[in-house]
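Colleague: Input: one structure, supplied below.
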């Protein structure tokens with residue numbers, strides 16, 4: 001039990017650190033778009049969100065969750081999360097930024113914090129629910145299968 005708590009704490013810290021790096025990508029691309037294009041809030045936000053999501057999914061799958069889960073299935077689940085989160089955060093953020101005239105960067109940071117918390121929970125308990133820390137065992141099984149196939153093939157060549 002204590003070992004599981006320690007693993008989950010480490011997993012949470014890794015997710016936080018990778019999310020911070022994804023946040024740098026998001027805020028960096030948002031800033032470039034906000035300052036150097038004529039785009040309004042929502043396209044800047046949406047483009048920067050997509051860039052950070054692709055990066056965050058990739059590094060967290062490999063380094064945080066150590067998952068051998070089916071990549072297309074895991075991506076589809078993340079897509080479903082963003083199918084809900086993106087319109088809500090884009091419309092809500094646009095309302096705060098354009099209608100209520102909140103500072104665009106404050107709205108962006110609020111969206112990022114909300115995304116961080118909800119995405120961790122969704123990723124851990126929905127996307128990789130029972131497929132955490134299984135990448136090494138998956139690779140070992142695949143190596144064993146390949147070895148067995150190689151042995152069978154070489155046995156077949158002997159006759």
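The values are calculated or read from the model by the stated rules, or taken from the named source; none is laboratory data. Not measured: the values here are computed from a predicted model. Glycine gets a Cβ as well: all are built from the backbone with ideal geometry, and neighbour counts include every protein chain shown.
Colleague: With the requirement that a residue be in a helix (DSSP H, G or I) and more than 8 Å from the chain's Cα centre (by Cα), what does the range 53-65 give you?
Modeller: 62, 63, 64
Colleague: Tell me, which helices (runs of 4 or more DSSP H) wholly within the range 66-159 include 1 or more residues that are closer than 22 Å to residue 26 by Cβ, at pLDDT 90 or above and out of contact with any helix residue (DSSP H, G or I) (no Cβ under 9 Å at 6 or more places or on another chain)? Spell out how you get there, then give the answer.
Modeller: Details: elements: 71-94, 104-122, 135-157.
Correct list: 71-94, 104-122.
Colleague: In addition: Out of the range 2-51, which residues are loosely packed, with under 13 Cβ neighbours inside 10 Å, more than 18 Å from the chain's Cα centre (by Cα) and either at pLDDT 95 or above or part of a loop (DSSP other than H, G, I, E, B) (or both)?
Modeller: Those that are loosely packed, with under 13 Cβ neighbours inside 10 Å, more than 18 Å from the chain's Cα centre (by Cα) and either at pLDDT 95 or above or part of a loop (DSSP other than H, G, I, E, B) (or both): 35, 36, 37, 38.
Colleague: Filter the range 52-66 down to the residues that are in contact (Cβ under 8 Å) with a residue 40 or more places away in the chain and surrounded by fewer than 21 Cβ atoms within 10 Å (Cβ to Cβ) and list them by number.
Modeller: 59, 62, 63, 66
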